[in-house]
Amino acid sequence: MQQATYVGHGTSDANIGSDLSDSGSARDNTEIVNVDDQMKLLQNSWSVMLVLDHLHQRMHNGLPDETTLHNGQKFDLLCLGLLGVPSLADHFNELQNKLSDLKFDVSDYICVKFLLLLNPEVRGIGNVKCVRDGYHTVQAALLDYTLTCYPGITDKFGKLVMVVPEIHALAARGEEYLYQRHCAGQAPMQTLLMEMLHAKRKPNVAEMVNRSSEHTSTLDRLS
């Protein structure tokens with residue numbers, strides 16, 4: 001079975017940019033995230049977006065774990081969702097089970113997607129207020145939705161928020177694996193994926209250490 005060392009997925013630049021721009025329609029009388037900030041948000045969130053999208057496609061659209069190519073070769077789709085780290089499959093399945101228990105639906109997915117994207121802490125954002133306002137608006141919408149539509153699930157909103165660090169941890173492991181393969185010359189060099197990997201690693205060493213420490217406890221649980 002062929003395993004993925006290069007990530008190709010439905011989360012494209014165009015799709016995410018469109019989502020960010022269209023998010024303005026859900027925020028009356030607020031600004032729309034500008035293109036430069038969209039790119040910075042994308043560079044920061046592409047890997048967590050990929051993990052979340054794969055969960056969504058698997059849960060709501062019946063995405064299989066593998067597919068057969070025209071030449072008869074088996075292709076590992078789950079490995080794509082794990083950014084090339086098949087050893088994370090058990091943790092991925094556990095995460096899916098948690099979301100299933102919370103009756104994670106398409107509306108939840110859309111809100112969590114924007115919560116992952118609209119991160120006002122991203123380095124270099126020009127209009128922090130716009131991004132922060134968008135984040136809080138989506139957060140409030142998700143809270144209202146879960147309380148209104150799922151009153152029988154105790155603190156569904158809080159439990160969804162608690163899942164986010166686990167998605168980040170899976171994505172961080174995948175990013176590190178891809179970067180190591182890149183440094184060893186075992187991955188394509190001139191690709192959008194590698195450009196985003198490098199762009200996300202541009203912050204200085206102190207920033208990288210701080211970011212890493214935020215996920216240490218969760219990453220330890222995945223080891």
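The values are calculated or read from the model by the stated rules, or taken from the named source; none is laboratory data. None of the values given here were measured: they were computed from a predicted structure. With ideal geometry, Cβ positions are generated from the backbone for all residues, glycine too; neighbour counts draw on all protein chains shown.
Quick look at the values:
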| item | result |
| --- | --- |
| Number of the condition not met by Lys98 [criteria: (1) in contact with a helix residue (DSSP H, G or I) (Cβ under 9 Å, 6 or more places away or on another chain); (2) of a type in the set (Lys, Arg); (3) more than 24 Å from Ala169 (Cβ to Cβ)] | (3) |
| Some residue of the range 52-64 being free of Cβ contacts under 8 Å to residues at least 24 places away in the same chain and surrounded by 14 or more Cβ atoms within 10 Å (Cβ to Cβ) | yes |
| Given (1) assigned to a helix (DSSP H, G or I); (2) modelled with pLDDT under 90, index of the condition Ile32 fails | (1) |
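A quick yes/no check of all residues on (1) farther than 29 Å from Asn34 by Cα; (2) assigned to a helix (DSSP H, G or I):
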position: Gly84; (1), (2): yes, no
position: Phe92; (1), (2): yes, yes
position: Tyr109; (1), (2): no, yes
position: Val122; (1), (2): no, no
position: Gly126; (1), (2): no, no
position: His136; (1), (2): no, yes
position: Gly152; (1), (2): yes, no
position: Phe157; (1), (2): no, yes
